[in-house]
Amino acid sequence: MSSGETHSEGKMHRYVSLVPWDTKAFGCSCFEVEYPLGTVTEQTTEAGHYTVKVDPLADKGPLHRAGFYYSDTLLEPYCRREMLQPAESHDVAISHDCSLDELLALSQGAYRHGRFHRDFNMPTELADLRYDNWVRDLFAAGNCFGLLIKGELAAYFAVNGNKVVLHAVAQSFRGKGLAKPLWSVGYQRMFELGHSEVCSSVSATNMAVVNLYASLGFRFRNPVDVYHKLVPAG
């Protein structure tokens with residue numbers, strides 16, 4: 001099956017792609033839909049969960065009529081080396097020796113702003129599993145590093161190229177004003193790896209992280225509204 005196509009009742013649907021990692025976590029077929037398309041209703045009738053990401057100014061009427069509902073708005077924070085405004089971070093160090101169990105424990109409760117956590121149709125424990133599976137994959141690929149404060153694991157970054165795809169602060173370090181020095185060291189490390197620009201993704205509702213990025217000199221671009229649809233089996 002080629003990218004951007006899936007089968008339903010013997011027919012080939014274009015613009016609808018199966019997302020295997022979400023399917024594994026939620027136990028139902030999970031799809032991403034390319035938008036706009038005039039046959040969104042016809043191509044999202046197979047049982048499963050659908051995601052579509054659209055320009056905030058796009059006409060949402062067809063999505064609502066097809067049964068989609070709003071889930072989140074995502075922003076892309078980005079920064080070049082000369083834009084970064086790091087905090088003093090003498091007590092923060094990088095570690096590449098963190099175990100998977102340490103990262104999974106640190107992640108607990110860190111992703112409640114995620115779109116699947118906010119989706120009333122998806123069980124919270126399965127949304128947690130989705131992130132756990134993602135951490136496992138990133139760790140297996142060698143794409144995670146820890147951030148230590150006085151030798152204790154306080155946060156971690158998981159990366160894909162120049163993009164930080166997941167990051168979290170340990171529960172015992174949250175709410176103590178430590179995120180800025182931690183993120184300063186994490187992103188300085190990204191620049192040391194040779195990236196001229198770094199970026200991430202953040203929910204517009206996660207004001208603490210939005211403000212954190214702004215304080216570090218990041219700017220924001222490429223906003224997208226995320227809509228979901230659930231088609232029950234049977």
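Before moving on, here are some points about what is shown:
- Filter pass, residue 148 being more than 20 Å from the chain's Cα centre (by Cα), free of Cβ contacts under 8 Å to residues at least 60 places away in the same chain and assigned to a strand (DSSP E or B): yes
- Single match in 172, 184 (criterion: assigned to a helix (DSSP H, G or I) and exposed (fewer than 14 other Cβ atoms within 10 Å of the Cβ)): 172
- Subset of region 45-70 that is under 20 Å from residue 116 (Cβ atoms) and β-branched (Val, Ile, Thr) - its residue that is surrounded by the fewest Cβ atoms within 10 Å (Cβ to Cβ): 54
- Criterion: in a helix (DSSP H, G or I), assigned by TED's automatic domain parsing to the domain that holds residue 194 and at pLDDT 95 or above - qualifying residue of 138, 153: 138
- The sole residue among 130, 189 that is assigned to a helix (DSSP H, G or I), touching a helix residue (DSSP H, G or I) at 6+ places or on another chain (Cβ under 7 Å), in contact (Cβ under 8 Å) with a residue 60 or more places away in the chain and outside the structural domain of residue 52 (by TED's automatic domain parsing) is 130.
- Subset of region 183-207 [within 16 Å of the chain's Cα centre (by Cα) and hydrophobic (A, V, I, L, M, F, W, C)]: 198, 199, 202, 204, 207
- Among the residues of region 81-104, those that are free of Cβ contacts under 8 Å to residues at least 12 places away in the same chain and either outside the structural domain of residue 205 (by TED's automatic domain parsing) or not charged (D, E, K, R) (or both) comprise 90, 99.
- Residue in region 4-13 that is at pLDDT 65 or above and not small (Gly, Ala, Ser) present: no
- Residue within region 29-39 that is at pLDDT 90 or above, among the acidic types (Asp, Glu) and not in a helix (DSSP H, G or I) present: yes
- Meets criteria (modelled with pLDDT of 95 or more and in contact with a Gly (Cβ under 8 Å, 6 or more places away or on another chain)) for residue 103: yes
- Filter pass, residue 202 being touching a Gly at 6+ places or on another chain (Cβ under 8 Å) and of a type in the set (Val, Ile, Thr): no
The values are calculated or read from the model by the stated rules, or taken from the named source; none is laboratory data. Since the structure is predicted, the reported quantities are computational estimates derived from the model, not experimental observations. All Cβ positions, even for glycine, are placed from backbone atoms using ideal geometry, and neighbour counts span all protein chains on display.
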